[in-house]
Amino acid sequence: MEKIVGHENEINLLNKTIVEDKIAHAYLFSGREGIGKKIVATSFAEKVIGTNISNLKIIEPENDIIKIEAIRNLITDIYLKPTDSSKKVFIINDADKMNTNAQNALLKVLEEPPIYAVLILITSNKERIINTILSRVTEIKFNSLSNEELTLIIGEEKDYSFARGSAKKALEMKDSKVAELAKEIVEVFKTNSYIDINKKIGQVKADGEKIIEVLEFVKIYYFNGLREDTYKKIEIIKLIDNTIRDLKRNANEDLTLDKLIIEKCRLK
């Protein structure tokens, strides 16, 4: 974990639990998406289990969901004692994507975990995890990365404020047009002209860029500027949130974007 950029306090805390033999049975690593929680989790796991990687299992969402079958497989595996190590570590990445049945199944393990098992739940949406699970885990909150830390990770000195402390977002945007397109939409939003906004969004779609990704970054620009015109910007963020939600639910794209433009133009 020594080579990880950022999260010094969290890493020191985890290292201390190893040295003092006070490793918890279950952790929740919470914080913004793309800030390095999984890297810290896997590095911590490797320190706990030693060289036998077979004692580390990582569960990832499939098609944006973690179903009960994946947790049932975890339960089967968790009760098999580790080999060549005193611990087994199970990492559930994007744990908030467990469906209700999967979360309830995991809860049974958290109530009486085997003494050798360590569970690490990683999430950027803690509110989607049921309270009965949250009450049985040790939460470690990860802060967003600073601009200096992002510069070290990306290897290029620039203003990464658009990434809001997320290395994932910064890397995605390094060679992408999305940030520039988002800036252009923010500027045209200021005109409050249906024709101009509709034209710009049409250009974004014509360029082949994913409109959801562009809107996500439009939202970030508004978040970064909340110090002035706060009420209006919060209302715009809500409109964008609703639009992204509907698009992710496969609503008609043209109608959904048209609704966004109309409601934006109504804001004075």
#### Entry: Separation between Cα centres of segment 118-170 and segment 34-111, rounded to whole Å
18 Å
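Carbon-plus-sulfur fraction of the accessible area of segment 188-265, 1.4 Å probe, in percent? Mind showing how you got there, number by number?
Working: 2170 of 4470 Å².
Taking all protein chains in place, segment 188-265 shows 49 percent carbon and sulfur surface.
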### Query
Between S86 and N12, what FRET efficiency follows from the Cβ-Cβ distance if R0 is 25 Å, with the result rounded to 0.05?
0.65
### Query
How many times 2.2 N^0.38 Å is the alpha carbon radius of gyration of the chain?
1.17
## Note on the structure
Rounded to the nearest 10 degrees, the helix 194-206 long axis (Cα) sits at an angle to the longest Cα principal axis of the chain of 50 degrees
### Message
Tell me the per residue accessible area of segment 1-139 using a 1.4 Å probe; a whole number in Å² is fine.
### Response
52 Å²
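Round to a whole number: what % of the accessible area of segment 6-162 belongs to carbon and sulfur, probe 1.4 Å? Before the final figure, lay out the partial values.
Values: 3850 of 8220 Å².
Here carbon and sulfur together make up 47 percent of the probe-accessible area.
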### Message
Apply the a/c threshold of 1.5 to the C-alpha gyration tensor of segment 160-222 and tell me whether it is rounded, prolate or oblate.
### Response
oblate
### Message
Using only the alpha-carbon atoms, how far is helix 37-49 inclined from the longest principal axis of the chain? Give it as 0 to 90 degrees, nearest 10.
### Response
10 degrees
### Principal-axis tilt of helix 8-19 within the chain, Cα atoms, nearest 10 degrees
10 degrees
### Query
Along its principal axes, what span do the Cα atoms of segment 1-116 show, with the longest given first and each in whole Å?
37, 33, 23
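The values are calculated or read from the model by the stated rules, or taken from the named source; none is laboratory data. Keep in mind the model is a prediction, meaning the values are calculated, not measured. Note that each Cβ is placed from the backbone with ideal geometry, even for glycine, and that neighbours are counted across all protein chains shown. Side chains are part of the model used for accessible areas, which takes the heavy atoms of the whole protein and leaves out ligands, DNA and RNA. Shrake-Rupley method; radii C 1.70, N 1.55, O 1.52, S 1.80 Å.
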